[in-house]
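Input: a single structure, listed below in structure tokens.
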Amino acid sequence: MTAAEGPVPAGPGPAGPAAAGPGPAGPVLDVRDLHVRIASRMGTVRAVDGVSFDVAAGEALGLVGESGSGKSMTLRAVLGVLPAEARVTAGEILLDGVNLVTRTQSELNRIRGPKLAMIFQEPMSALNPVMRVGRQIAEGPQVHLGFSRARAAERALELMRRVGIPDPERRFRAYPHEFSGGMRQRVMIAIALSCDPEIILCDEPTTALDVTIQDQILRLLARLCRESGVSLVFVTHDLPVVAQICQRVAVMYGGQLVERGAVGDVLLDPRHPYTRGLVRSAPDFDYVRDSLVPIPGAPPSLITPPPGCRFHPRCEFAEEDCRVSETPLRMLPGGRATACLHWERCLEAAAADRAQA
Amino acid sequence: MSVIPLIPEPGAPGAYEVTTVRAEPRRARRWYTQPALLSGIVIIAIILVLATGAPLFSSYNPNAQNLNATLLGPSAHHLLGTDQLGRDTWTRLLYGLREDLRIAFIAVLFPFALGTVLGSLAGYFGSWADTVIMRLVDVVVAFPFYVLVIALVFVLGPGERSIYIAITLVGWVSYARIIRGEILVAKRQDYVLAAQSGGLGSVRIMGRHLMPNVITQAIIYSMSDIVQDMLAIVTLGYFGLGVPPPTADLGSMINDGQNFLSTHWQLTTIPGLAVVVVGLGLSLIGDGLADLLRPGQA
């Protein structure tokens, strides 16, 4: 199946960013100071609280954090498919300089698909159980690109070949339940690619798959994005996955961004205690072999978040100023940013972790 | 420092393993093993053949009077005898069934369509659309079905068109309730979110994505609804509010025979039994379909 792709230039080196970024200078997606509030019986949930990030053309950005840190809400806000109780209360979401927050749903419907696409965590439930797989892939081109039914079907077959679904002519007429988990996720990828989007948002696309399939899907995604220059926003709590597929990473905690930077820098030299905690609790890194260290405590309530830094109740470096002053992201040299007031101490501790290993 | 794994190029050994999974043949739905469904289908098939082929099974004109041969008992010439105007009862039964079944099958379509559309709107959009539509449903449901249908036909005047209008205005509420409930559940599914994320419009999502997932319950209900419509049509005929007199109709046959109940009971009983058999057949089909189509049934 790989022969269909044509010649692929000799691989980009380990430092991905050098090879990425053939597009124009400006970012494709620029999220600025995004706030999402959810009305609930218990009070207003500050699900996303002043999140800013941008994604360049062809770049893959990882959005990392634990459950309930606001990753998925951020993605849904970008797509304009927030649940009924949730609202974007402040901030801008610029896609090619166009602010999506102020668009109506029907205006967004011309953007979702041809410019923005989404891949979901659970491909079984994200595919319609009673529609033939091929028609689900062909639907986007029919609606957005004005393709005829026959031409859209052609396009679907071509996409099915591209994502590595064997025997596409026969599988076109199959239903989702006839596919394995990995094949279903390939179908989701084909749907996301069907209208040639500029950016694909992935909400933990490999979490529901077993590890060997996970790897296939990640490689497929990475390759397709490299070939077609599509940008990715990759939400996950799986650090090795981020390391495998992303050039930059943004770490979320309690609805806020706490750290941002190039993947290698952030994961090896965490400059926020929460990032360090994430790295120390993940099994796949060279310097944490025998001891996985959990982060003590529980995620903060987003209805009444702790004052000051939201991580301070769980932080071993917390000082008095962490409890009182707001901690916005501050720029550091090397394109990095951290919300920690005492990041130097975190850095020292991380260096010590490594020395110990 | 090569902690970050590289992504191997396509073509590299072992880079893209493809799992081939053979598509299973679609599970055969063994409808013919359902006794209820099977007997219902047999009953209704026989009745449909008799009714649609009425001229083949009788040589009489259903409306032709023969005042020399009134109120005859069953005989070789008149299988079920004749009525007070000398019309052949067997012939009138077939033509009456034909007329009533035709009206019933048409009458079930309009409330089905109206209720499905309004129920989808209420369920999918919620908020004020839901409030308005469901309060309207409450108002209609407050009246008994037959009372409201009869009252409406009485107001609109007898005839086929009035029957359709009345049954549509009263019957849509059940479909609206069923579809609304199904949509409320289905719209929380990820595939709806995925469709929205793909930039599909609400009409398309409702029609193409949700409808095939929710319509089954409405189809099952429509089978028992036909029985209800059939009874309403017969009742209207009995009250003289159905199709106008010379045309054969089970309701008017029951009414006409009523005066001769003590001497010629078959004039009333036979069309009554016909209604019962049709109702039984359609109900069996409805139950059988429900067993077959409802998820979680073996």
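The values are calculated or read from the model by the stated rules, or taken from the named source; none is laboratory data. Remember, it's a predicted structure, so these values are computed and weren't measured experimentally. As a convention, Cβ positions derive from the backbone with ideal geometry for all residues, glycine included, and neighbour counts pool all protein chains shown.
Side notes on the structure shown:
- Here the condition is being under 24 Å from B:Phe145 (Cβ atoms) and either part of a helix (DSSP H, G or I) or not β-branched (Val, Ile, Thr) (or both); of B:Val275, B:Val243, it holds for B:Val275 alone.
- Among the criteria (1) modelled with pLDDT of 80 or more; (2) of a type in the set (S, T, N, Q); (3) more than 20 Å from B:Thr268 (Cα to Cα), the one B:Asn68 does not fulfil is (1).
- Spans of helices (runs of 4 or more DSSP H) in region B:134-203 with at least 3 residues among the β-branched types (Val, Ile, Thr), more than 14 Å from chain A (Cβ to nearest Cβ) and farther than 30 Å from A:Asn128 by Cα: B:145-156, B:160-186
- Test: residue in region A:271-280 that is under 16 Å from the mean Cα position of the chain (by Cα) and within 11 Å of chain B (Cβ to nearest Cβ): no
- Only one of the listed residues (A:Ala84, A:Ala77, A:Ala60) is closer than 30 Å to A:Pro305 by Cβ and surrounded by fewer than 23 Cβ atoms within 10 Å (Cβ to Cβ). That residue is A:Ala84.
- A single entry from A:Val242, A:Val258, A:Val249 fulfils the requirement of being crowded, with 22+ Cβ neighbours inside 10 Å, more than 13 Å from chain B (Cβ to nearest Cβ) and either touching a helix residue (DSSP H, G or I) at 6+ places or on another chain (Cβ under 9 Å) or on the phi > 0 side of the Ramachandran plot (or both): A:Val258.
- Residues located in region A:168-180, provided they are surrounded by fewer than 17 Cβ atoms within 10 Å (Cβ to Cβ) and either in a helix (DSSP H, G or I) or β-branched (Val, Ile, Thr) (or both): A:Glu169, A:Arg170, A:His177
- If you go through region B:72-83 and keep only what is more than 33 Å from the chain's Cα centre (by Cα) and either outside any loop (DSSP other than H, G, I, E, B) or surrounded by 16 or more Cβ atoms within 10 Å (Cβ to Cβ) (or both), you end up with B:Leu72, B:His78.
- Hits in region A:28-44 (condition: touching a Ser or Thr at 6+ places or on another chain (Cβ under 9 Å), of a type outside the set (Asp, Glu) and at pLDDT 90 or above): A:Val28, A:Leu29, A:Val31, A:Arg32, A:Leu34, A:His35, A:Val36, A:Arg37, A:Ile38
- Lone unmet requirement of (1) closer than 30 Å to A:Ser281 by Cβ; (2) within 13 Å of chain B (Cβ to nearest Cβ); (3) modelled with pLDDT of 90 or more for A:Ser72: (3)
- Test: B:Ile163 is surrounded by fewer than 23 Cβ atoms within 10 Å (Cβ to Cβ) and either of a type in the set (Val, Ile, Thr) or in contact with a His (Cβ under 7 Å, 6 or more places away or on another chain) (or both): no
- Checking every residue in region A:310-323 against the condition of being modelled with pLDDT under 85, assigned to a loop (DSSP other than H, G, I, E, B), more than 12 Å from A:Val64 (Cβ to Cβ) and aliphatic (A, V, I, L, M) gives at least one match.
- Taken over region A:190-216, the criterion of being surrounded by fewer than 24 Cβ atoms within 10 Å (Cβ to Cβ) and in a helix (DSSP H, G or I) is satisfied by A:Leu193, A:Val211, A:Thr212, A:Ile213, A:Gln214, A:Asp215, A:Gln216.
- Among (1) in a strand (DSSP E or B); (2) of a type in the set (A, V, I, L, M); (3) within 11 Å of chain B (Cβ to nearest Cβ) - the single one A:Leu220 does not satisfy: (1)
- Among residues of region B:203-224 that are buried (at least 18 other Cβ atoms within 10 Å of the Cβ), those with a Cβ under 6 angstrom from a residue that is not in a helix (DSSP H, G or I), sequence gap 6+ or separate chain, pair up as B:His209/A:Asn128; B:Asn213/A:Val130; B:Ser222/B:Val108.
- Selection from region A:267-285 of residues that are aliphatic (A, V, I, L, M) and either modelled with pLDDT of 90 or more or closer than 17 Å to A:Gly68 by Cα (or both): A:Leu278
- All positions within region A:95-146 that are of a type in the set (D, E, K, R) and over 20 Å from the mean Cα position of the chain (by Cα): A:Arg103, A:Glu107, A:Arg110, A:Arg132, A:Arg135, A:Glu139
- Count of residues meeting criterion [in contact with a Pro (Cβ under 8 Å, 6 or more places away or on another chain) and touching a residue at least 12 places away in the same chain (Cβ under 8 Å)] in region A:40-80: 13
- Test: residue in region B:123-132 that is more than 14 Å from chain A (Cβ to nearest Cβ) and modelled with pLDDT of 90 or more: yes
- Some residue of region A:145-167 being closer than 22 Å to B:Tyr191 by Cβ, within 10 Å of another protein chain (Cβ to nearest Cβ), in a helix (DSSP H, G or I) and touching a residue at least 12 places away in the same chain (Cβ under 8 Å): no
- In this structure, A:Glu139 does not satisfy being touching a helix residue (DSSP H, G or I) at 6+ places or on another chain (Cβ under 7 Å), within 12 Å of chain B (Cβ to nearest Cβ) and of a type in the set (D, E, K, R).
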